[in-house]
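Colleague: For reference, the structure I am asking about is given below.
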Amino acid sequence: MEGKTTKDEYGPLFCPKAVARLSEVIEATNAEIFVISSWGDVLGEDKIIEMWEKRGLPGKVHAVFVPDEKCDSKANWIKRCIDGQIFLPYIILEDEPIFMPEQEEGFIKINPVTGISKEDAKISIDILNRFDNLPTSAFKDIAYEKE
């Protein structure tokens, strides 16, 4: 990064290697992105989405956690996002383990300075794709609601 810009109007730039690893995860899994960073509280949802697009970051941000009177914790926000989903493999890439016990399975502790490592990306892909190779018979006992 020597001699290159390290920040922009939104703040510090993300490590290019970490962004490339996130891109690998998105490409391998078609994952949706929900931002639970403290950046949401600082910049707000609109600015985070704008930053994501202007920086050319991978994937599309679907929602950003911004604490309010309805939901003041990251753990509760994640619970709201996944409630009612029968099969929704998810990962939480975060440097602080501040989640509910039932969310532990999808939590991957990342380095706050270097971001997503090669191992983090591999684990993420494995978790997000864990149902892809199951036979149809693995889902036979699940009742689906009629729309």
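Colleague: Can you give the Rg to Rh ratio of the chain, both from alpha-carbon atoms, with Rh computed by the Kirkwood formula? Walk me through the numbers on the way to the answer.
Modeller: Values: Rg = 16.7 Å, Rh = 16.9 Å.
We get a ratio of 0.99 for the chain.
Colleague: Also, quick follow-up: Compute the helix-to-body angle for 45-54: its Cα long axis versus the longest principal axis of the chain, expressed 0 to 90° and rounded to tens.
Modeller: Once rounded, the angle reads 70 degrees.
Colleague: Mind sorting 65, 99 by how few other Cβ atoms lie within 10 Å of their own Cβ, fewest first? Each step should come with its number before you reach the end.
Modeller: Numbers: 65 23, 99 19.
Listed from fewest to most nearby Cβ atoms, that is 99, 65.
Colleague: Below 25 Å, Cα to Cα, which lysines can residue 17 reach? Residues fewer than 8 away in the same chain don't count.
Modeller: List returned: 4, 7, 47, 54, 60, 109, 118, 122.
Colleague: Against the longest alpha carbon principal axis of the chain, how many degrees, from 0 to 90 and to the nearest 10, is the axis of helix 118-128 turned?
Modeller: For 118-128 against the chain, the angle is about 30 degrees.
Any read-out appearing in this document is the output of simple, stated calculations on the displayed coordinates, not a laboratory observation. Computed from a predicted model, the values in this text were never measured in an experiment. Every residue, glycine as well, gets a Cβ built from its backbone with ideal geometry; the counts of neighbours run over all protein chains shown.
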